[in-house]
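The values are calculated or read from the model by the stated rules, or taken from the named source; none is laboratory data. Only a predicted model underlies this, so the values are computations on that prediction, with no experimental measurement involved. Every residue, glycine as well, gets a Cβ built from its backbone with ideal geometry; the counts of neighbours run over all protein chains shown. Side chains included, ligands, DNA and RNA excluded: accessible areas come from the protein's heavy atoms. Shrake-Rupley method; radii C 1.70, N 1.55, O 1.52, S 1.80 Å.
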Amino acid sequence: MWQLLSQGNIDGIAGTAGAKTVSDKNIPSVSFEEIGGQESAKKELIEALEFVKDIHGVKHMGIRAIKGILLSGPPGTGKTMLAKAAACYTESIFVAASGSEFIEMYAGLGAKRVRNLFKEARQSARKNGKKSVIIFIDEIDVLGSKRGQVSSHMEYDQTLNQLLVEMDGLSIDDEIQILVMAATNREEVLDPALLRPGRFDRIVKVDLPDKDGRLKILRIHTKNKPLADDVNLEQIARETFRFSGAHLENLTNEAAILAFRENSMVIKMEHFMEAIDKVIMGEKLDRKPNRQEMKRIAVHETGHALVGEIMNPGSVAAITITSRGKALGYVRHNPEDDIYLMTKDYIEKQINVAIAGSIAEDILLKDRSTGACNDFEQAVKYAKTMLAAGMTELGVVDESTLPKEILYQEISKILSNSEKIVREILEKHLELLEQISEELIISESFSGEKLRELISLYKVA
Ligand code: ADP
Ligand code: MG
Ligand code: ZN
């Protein structure tokens with residue numbers, strides 16, 4: 001039954017609320033090895049799953065059990081596969097539902113459906129002699145959007161509330177351990193109530209694969225296919241910038257079909273090349289950006305990352321230019337402990353990091369681009385916070401009574417001061433900026449550790 005999952009919404013346990021029992025008797029047979037790239041997602045997930053596997057140890061130490069893990073990332077990157085692999089790894093029964101299947105329900109049924117999902121999960125585990133179940137909820141954003149936003153609607157709220165009630169009721173002392181995994185590609189619209197401790201408090205990012213990741217995925221999906229000697233998977237990986245795992249799987253399949261139609265006994269490089277075009281056109285994907293655009297994105301992100309590292313050593317977790325959607329690339333920072341009080345120093349550093357992308361472009365490419373709008377919004381927001389907290393020369397002021405020009409002046413003073421600092425830093429480390437952005441164009445993404453390695457390497461050289 002679980003094989004049907006990737007095909008649509010109403011899969012996993014059967015349709016109508018509670019009418020049928022769980023039909024997923026099997027534990028999925030997907031292993032983590034079949035998931036290419038996604039090294040950090042796999043690592044984070046496996047770390048969390050160790051707690052599920054060693055429930056006695058967890059109990060002994062008095063650790064709060066993990067109840068929910070959220071997989072967040074674009075479509076086709078392997079979130080469903082990861083959830084199945086998690087079930088396989090922990091020898092858990094796998095039960096799945098999709099957010100969109102709850103919408104089709106009549107009033108009150110969504111909540112009932114959630115209740116039954118949990119009930120049936122327990123029954124299925126008991127029947128199959130298993131101690132644990134993974135409930136996978138795809139498209140969680142459909143029912144878990146911020147209340148009063150997007151699709152919010154009384155019916156979803158009840159469904160969401162029921163999910164929260166069920167999750168809150170899970171206990172480490174239960175006879176059957178339930179782990180809820182959910183997937184979304186719109187993490188930003190989720191109701192914060194979902195992300196609180198004891199709910200989906202582990203968030204695993206599942207990004208588009210970088211070049212290495214794409215190569216691994218291509219290897220996985222060509223393993224069972226006869227390849228001609230001229231096939232160069234590395235070149236295919238290079239030319240499939242921003243393809244997801246699902247696109248790559250589709251690509252290998254299309255190439256095989258083309259070869260088959262030509263009565264060729266093997267799949268040749270030309271088949272792959274034609275298949276790349278087909279996938280790009282069929283899915284309206286962007287072509288690989290030209291070298292100039294890649295350079296601009298890389299310089300921009302390197303600017304953020306470098307200044308981030310210099311301001312707060314060890315703070316960068318990852319840097320990438322393969323991301324899609326609103327951001328062309330991004331720098332991910334290590335999660336900090338919750339900050340309740342922001343110091344002036346902290347806010348100033350945040351402003352510096354925010355504007356560093358644009359300044360890096362300006363210094364190295366003598367021009368800025370439209371890619372940085374969001375960065376400036378961010379910087380202005382921080383500047384306003386400083387103002388409101390009385391951290392400027394104006395002292396304690398009430399923003400609402402402050403004349404517009406003064407407000408504007410003060411903000412631009414903060415920003416231009418920050419710009420001066422960032423400019424100095426980047427000009428001092430111009431070579432570093434250049435070299436790291438070149439590396440980024442080649443490998444498309446790297447970890448914070450790699451960044452720090454490069455920084456010390458180039459600094460010494
Ligand atoms: P998502 O849930 O993130 O939309 P899926 O896990 O449903 O993505 O992936 C859909 C299909 O794409 C998979 O069945 C697999 O063939 C392929 N795929 C996606 N990501 C990967 C990956 N990282 N490695 C191997 N195959 C992948
Ligand atoms: Mg999926
Ligand atoms: Zn930026």
Subject >> Calculated P(r) of region 197-328 - Cα pairs past 24 Å, % >> reply: 42 percent
Original post:
Counting only protein heavy atoms and using a 1.4 Å probe, what share of the accessible area of the chain belongs to carbon plus sulfur, as a whole percent?
Top reply: 52 percent
**OP:** Please figure out what share of the DSSP beta bridges in the chain is antiparallel and state it in percent, rounded to the nearest 5.
**Re:** 25 percent
**OP:** Run the numbers on the chain and let me know its relative contact order in percent, using alpha-carbon pairs under 8 Å that are six or more apart.
**Re:** 14 percent
Subject >> Loop GluC sites (Glu not before Pro), region 339-396, which have at most 11 other Cβ atoms in a 10 Å radius of their Cβ (DSSP) >> reply: Glu393
Original post:
In whole Å, how far is the Cα centre of region 354-369 from that of region 417-454?
Top reply: 12 Å
Subject >> Kirkwood hydrodynamic radius of region 211-281, Cα pairs, Å >> reply: 11.7 Å
**OP:** Over the alpha-carbon set of region 152-229, divide Rg by the Kirkwood Rh and report the Rg/Rh ratio to two decimals.
**Re:** 1.19
Subject >> Cα gyration tensor category, rounded, prolate or oblate, for region 59-144 with a/c compared to 1.5 >> reply: oblate
**OP:** Kindly point out which whole DSSP H helices in the chain project their C-alpha atoms 30 angstrom or further along the helix axis while averaging a Kyte-Doolittle hydropathy of -0.5 or above.
**Re:** 344-365, 404-428
**OP:** Please express the shape of region 291-457 as an equivalent ellipsoid: the semi-axes are the square roots of 5 times the eigenvalues of the C-alpha gyration tensor, given largest first in whole angstrom.
**Re:** 29, 17, 14
Original post:
Which three extents, in whole angstrom, do the alpha-carbon atoms of the chain cover along their principal axes, largest first?
Top reply: 68, 62, 43
Subject >> Added length on full extension, which subtracts the Cα-Cα distance from 0.36 nm per residue, Lys366 to Ile406 >> reply: 11.3 nm
Original post:
What does the highest-first list of 286-299, 308-321 look like by mean Cβ count within 10 Å?
Top reply: 308-321, 286-299
Subject >> region 240-388, Cα convex hull volume normalised per residue, Å³ >> reply: 144 Å³
Original post:
At what distance in nm do the modelled label points of Ser443 and Lys284 sit from each other, each positioned 7 Å from its Cα along Cα→Cβ?
Top reply: 3.5 nm
Subject >> Probe 1.4 Å, accessible area per residue of region 211-281, Å² >> reply: 51 Å²
